[in-house]
């Protein structure tokens, strides 16, 4: 961590495919609609299992129940996972080591192939998770800062900087 007049905090961040998968899967599967679909799939699975085990006198599941279960339990996670992996490997920005400079006015990010500055008032929203800081540029795209390689003092300093930011949302 470096602190100077122009910079409140400097970070070097690299997000691995494993970290990227973890954060995006956790974000996807904590949405209310996804929780509902998982519960629905579990109920469907119980219905099918109880019918075949003859535990309860349930109506015979039709092909539609099997297809729905397949779509929710297999196809959907496969599509989500493949989309995340494809997105990670198609983006140079995600795979590069990023030098971040958090100032009072903006966040500056330098990758191997790009440089960007974003004024704090232009940030959509900031979310702190247990293992991550997410600085959203819009409702879909976020700058990811993993807490894993940060000291307790660095986490506190980032919380202080981000806590003083007024975002769009």
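The values are calculated or read from the model by the stated rules, or taken from the named source; none is laboratory data. Being a predicted model, the structure only gives us computed values, none of them experimental. No Cβ is skipped: glycine too gets one built from the backbone with ideal geometry, and neighbour counts run over all protein chains shown.
Observations on the structure shown:
- Taken as a whole, the structure places residue 81 among residues that are in the same structural domain as residue 29 (by TED's automatic domain parsing), under 14 Å from the mean Cα position of the chain (by Cα) and within 18 Å of residue 29 (Cα to Cα).
- Of the helices (runs of 4 or more DSSP H) that lie entirely inside the range 1-71, not one contains 3 or more residues that are exposed (fewer than 14 other Cβ atoms within 10 Å of the Cβ), assigned by TED's automatic domain parsing to the domain that holds residue 133 and at positive phi.
- Residue 81 meets the conditions (1) exposed (fewer than 11 other Cβ atoms within 10 Å of the Cβ); (2) within 21 Å of residue 146 (Cα to Cα) in every case but one. The failed one is (1).
- Residues that are touching a helix residue (DSSP H, G or I) at 6+ places or on another chain (Cβ under 6 Å) and in contact (Cβ under 8 Å) with a residue 60 or more places away in the chain within the range 70-101 comprise 84, 88, 94, listed in sequence order.
- Only one of the numbered conditions (1) touching a strand residue (DSSP E or B) at 6+ places or on another chain (Cβ under 7 Å); (2) assigned by TED's automatic domain parsing to the domain that holds residue 33 is violated by residue 158, and that is (2).
So that you can scan it fast, the table gives a plain yes or no per residue for (1) free of Cβ contacts under 8 Å to residues at least 24 places away in the same chain; (2) under 23 Å from residue 87 (Cα atoms); (3) within 18 Å of the chain's Cα centre (by Cα); (4) assigned to a helix (DSSP H, G or I):
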{"site": "127", "(1), (2), (3), (4)": "yes, yes, yes, no"}
{"site": "135", "(1), (2), (3), (4)": "no, yes, yes, no"}
{"site": "140", "(1), (2), (3), (4)": "yes, yes, yes, no"}
{"site": "145", "(1), (2), (3), (4)": "no, yes, yes, no"}
{"site": "157", "(1), (2), (3), (4)": "no, no, no, yes"}
{"site": "161", "(1), (2), (3), (4)": "no, no, no, yes"}
